[in-house]
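Visitor: Quick one: the structure is below, questions incoming.
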Amino acid sequence: MPDFFTSIGTLLDGSFLQSGALWALSTIPGFPPIIQTVHILGIAVVMGSVVLLDLRILGLAVPSQKISEMTNRLMPWLWWALASNLISGSFFLFGRPLRYFNNPVFGWKVSFLIPAILVTLFFHLMSRRQEGYWESSSKRLWSARGIALLSLFLWIMVAMAGRWIAYAEYIYYPA
């Protein structure tokens, strides 16, 4: 792992953020499975929203709806689910910062997550500029399709890296 990540993990280790997260995870009855469930449901909402919208842009799903209609309907769900995942994931991240910040797969997840969020934000902001922005010209529609392909790739990689984090310990640190 890059020294930058390792130093963040070391900085958080023993901090009040770690103490608070560990207190919640170990003291509140049922909290770990509840917060994990919230995180998984958030992932489902993010992936469902992104995949449905991207498939619509690519012309593979819901052809009866305009892209702008689907964007307006799905984006609020996506942003709220991302916020939920940030909060729920932070309990585990702060609870065991060295587990994550020393894990190269966590670095991969972050390196896919940041561009995925930025691409999604760009698409959303451009669609808010005017009604039917992406459908107003064939050039914009082809740009939207390129963005949709990139978005699908990035979000799938985020999900795959997120699942792989738990199993990377067995690969990099075998018993």
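Visitor: How do the pairs read when you match residues in the range 54-75 that are in contact (Cβ under 8 Å) with a residue 60 or more places away in the chain with residues anywhere that are of a type in the set (Asp, Glu) and surrounded by fewer than 14 Cβ atoms within 10 Å (Cβ to Cβ), using Cβ under 8 Å and keeping only pairs 6 or more apart or on different chains?
Guide: Taking only residues 6 or more apart or on different chains, the pairs are Ser68/Glu131.
Visitor: Based on what the data block shows, is Arg140 assigned to a helix (DSSP H, G or I), more than 30 Å from Phe4 (Cα to Cα) and without any contact (Cβ under 8 Å) to a residue 12 or more places away in the chain?
Guide: Values: assigned to a helix (DSSP H, G or I): yes; more than 30 Å from Phe4 (Cα to Cα): yes; without any contact (Cβ under 8 Å) to a residue 12 or more places away in the chain: yes.
Yes: the conditions hold for Arg140.
Visitor: On the given criteria, is Ser68 exposed (fewer than 14 other Cβ atoms within 10 Å of the Cβ) and hydroxyl-bearing (Ser, Thr, Tyr)? Walk me through it before giving the result.
Guide: Details: exposed (fewer than 14 other Cβ atoms within 10 Å of the Cβ): no; hydroxyl-bearing (Ser, Thr, Tyr): yes.
Here the answer is no, as Ser68 does not meet what is asked.
Visitor: Filter the range 60-119 down to the residues that are more than 16 Å from the chain's Cα centre (by Cα) and farther than 30 Å from Leu141 by Cα and list them by number. Show your work before the answer.
Guide: Our first condition is that a residue be more than 16 Å from the chain's Cα centre (by Cα); within the range 60-119, this holds for 60-73, 94-99, 101-104.
Phe94, Gly95, Arg96, Pro97, Leu98, Arg99, Phe101, Asn102, Asn103, Pro104 - these are the residues of the range 60-119 that are more than 16 Å from the chain's Cα centre (by Cα) and farther than 30 Å from Leu141 by Cα.
Visitor: What number of residues within the range 1-39 satisfy the criterion of being part of a loop (DSSP other than H, G, I, E, B) and surrounded by 12 or more Cβ atoms within 10 Å (Cβ to Cβ)?
Guide: 3
Visitor: Additional query: From the list Ile171, Ile165, exactly one residue is aliphatic (A, V, I, L, M), out of contact with any helix residue (DSSP H, G or I) (no Cβ under 8 Å at 6 or more places or on another chain), in a helix (DSSP H, G or I) and at pLDDT below 95. Which is it?
Guide: From the options Ile171, Ile165, the qualifying one is Ile171.
The values are calculated or read from the model by the stated rules, or taken from the named source; none is laboratory data. If you're wondering where the values come from, they're calculated on a predicted model, not measured in any experiment. Counting neighbours? That spans all protein chains shown, and the Cβs are built from the backbone with ideal geometry, glycine included.
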